[in-house]
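For reference, the structure discussed in these notes is given below.
The values are calculated or read from the model by the stated rules, or taken from the named source; none is laboratory data. Computed from a predicted structure; not experimentally measured. As a convention, Cβ positions derive from the backbone with ideal geometry for all residues, glycine included, and neighbour counts pool all protein chains shown.
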Amino acid sequence: MCEKLSRVAPRYALVVSSPLPRAKETAQRIAGRLDAVDPALLPDLVGHAAQLFGEMRTLADWARLLRERDEARVFAEAQLPAWARIASRIGEKEHVLAISHGGIIDLPAVAVMERLRVPIDVASFGYGEGLRITYAKGSPTKLEVLRA
């Protein structure tokens, strides 16, 4: 899957991953390099991940979790500044590849999608899937869902 993604991926000005070996290897396979490891892409969930996330089949399931669980909303909102900080390290027309993990991506992704009024009635993200977010002045302005 990484090889397929590497053939269609844009040129990345910055390649960053979470500290987990799997994420670092994925970044290397897709982009051919890893520029930085960012602990913000693997926040400490203090063992609550399974309890917090559960089984989420659609992004609408994640949106419901955001509405029903304060800790899910707090978590999602805490991730968004990290994403903006990573995006601020590159130029306006450049691209970042940021590799993280299920739930850690889905929750803040849904928060951004709701702000930008992007439909969420689609499947949750799987391996090799995610988002392309365009930022202007530190805020997300456009979002595209990327599927493998």
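Matching residues to (1) of a type in the set (S, T, N, Q); (2) out of contact with any helix residue (DSSP H, G or I) (no Cβ under 6 Å at 6 or more places or on another chain); (3) over 12 Å from Tyr135 (Cβ atoms); (4) surrounded by 12 or more Cβ atoms within 10 Å (Cβ to Cβ):
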residue: Thr58; (1), (2), (3), (4): yes, yes, yes, yes
residue: Arg69; (1), (2), (3), (4): no, yes, yes, yes
residue: Arg73; (1), (2), (3), (4): no, no, yes, yes
residue: Glu92; (1), (2), (3), (4): no, yes, no, no
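Number of residues in the range 18-37 that are of a type outside the set (A, V, I, L, M, F, W, C) and buried (at least 17 other Cβ atoms within 10 Å of the Cβ): the value is 3. With respect to the conditions (1) in contact with a helix residue (DSSP H, G or I) (Cβ under 6 Å, 6 or more places away or on another chain); (2) free of Cβ contacts under 8 Å to residues at least 24 places away in the same chain; (3) charged (D, E, K, R), Asp121 lacks only one, and its number is (2). When the residues of the range 128-145 are filtered to those that are in a strand (DSSP E or B) and small (Gly, Ala, Ser), the one that is surrounded by the most Cβ atoms within 10 Å (Cβ to Cβ) is Gly130.
The one condition from (1) β-branched (Val, Ile, Thr); (2) surrounded by 15 or more Cβ atoms within 10 Å (Cβ to Cβ); (3) part of a loop (DSSP other than H, G, I, E, B); (4) more than 12 Å from the chain's Cα centre (by Cα) that Val15 does not meet is (3). Looking only at the range 108-127, which residues are modelled with pLDDT under 90 and either within 11 Å of the chain's Cα centre (by Cα) or part of a strand (DSSP E or B) (or both)? Once the filter is applied, which keeps residues that are modelled with pLDDT under 90 and either within 11 Å of the chain's Cα centre (by Cα) or part of a strand (DSSP E or B) (or both), the range 108-127 yields only Phe125. Within the range 1-12, the residues that satisfy the criterion of being exposed (fewer than 15 other Cβ atoms within 10 Å of the Cβ) and not aliphatic (A, V, I, L, M) are Glu3, Lys4, Ser6, Arg7, Pro10, Arg11.
Could you please find all residues in the range 86-107 being within 18 Å of Val16 (Cβ to Cβ) and under 15 Å from the mean Cα position of the chain (by Cα)? Selection gives Ile86, Ala87, His95, Val96, Leu97, Ala98, Ile99, Ser100, His101, Gly102, Ile104, Ile105.
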